[in-house]
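Only one structure is covered here, and it is reproduced in the block below.
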Amino acid sequence: MELDKELLESFIEEITALNQEILVVLKSLTENLNQPEEFLKFSNIIDRIYGTALTLGFEDLGKYCGELKTITRLTGNSKIPRAQQPVMKLMMNYTKHFKLLKESVENPKKVHQFNEEIKIDLKKIENLHRDIFEFTDDRNSVIKS
């Protein structure tokens, strides 16, 4: 699927603006990790990228953002302290991947490299689901929200 250049530029502008919002959330969490509402803010921001990515056909980016959205929402809603630090690291990884993300949207040759980078985080998210959230009472209600 060939995307219109203007549409791609608009998407890059959107994710760049949203990244600024993410940096504010991460700064707040760096100062005090025990802020469930900040994990929920991150989840809402990444949800916007998730929706647009899937609409534009960026399936791997969509999957990655969808998993980040879910794990940060679980962390914010469940308020499980031992989840906060590993999830925060995943959130920080998103910012590290951001430059490559922009490059992969602009240059299809970079998509493979971006996909390889996020595979590691997707595995970490899968492990967190299994190790921390699998038996959480809040899990079912969080997923539905």
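The values are calculated or read from the model by the stated rules, or taken from the named source; none is laboratory data. On a predicted model such as this, the values are computed, not experimentally measured, just so you know. Methodologically, a virtual Cβ is constructed for each residue, glycine included, from the backbone with ideal geometry; neighbour enumeration extends over all protein chains shown.
Structural remarks
- Listed here are the helices (runs of 4 or more DSSP H) enclosed by region 44-140 that have at least 1 residues being more than 14 Å from the chain's Cα centre (by Cα), without any contact (Cβ under 8 Å) to a residue 12 or more places away in the chain and over 22 Å from Thr30 (Cβ atoms): 81-106, 111-128.
- Only one of Gln85, Gln20, Gln35 that is surrounded by fewer than 18 Cβ atoms within 10 Å (Cβ to Cβ) and in contact with a Ser or Thr (Cβ under 9 Å, 6 or more places away or on another chain): Gln35
- Index of the failed condition, Thr30 passing every other in (1) at pLDDT below 95; (2) part of a helix (DSSP H, G or I): (1)
- Residue match in region 54-62 (condition: loosely packed, with under 13 Cβ neighbours inside 10 Å and either more than 18 Å from Thr16 (Cα to Cα) or modelled with pLDDT under 90 (or both)): yes
- Criterion (buried (at least 19 other Cβ atoms within 10 Å of the Cβ) and either charged (D, E, K, R) or farther than 20 Å from Ile12 by Cβ (or both)) met by exactly one of Thr30, Thr75: Thr75
- Against the conditions (1) surrounded by fewer than 17 Cβ atoms within 10 Å (Cβ to Cβ); (2) of a type in the set (Val, Ile, Thr); (3) more than 16 Å from Ala17 (Cα to Cα), Thr95 satisfies every one except (3).
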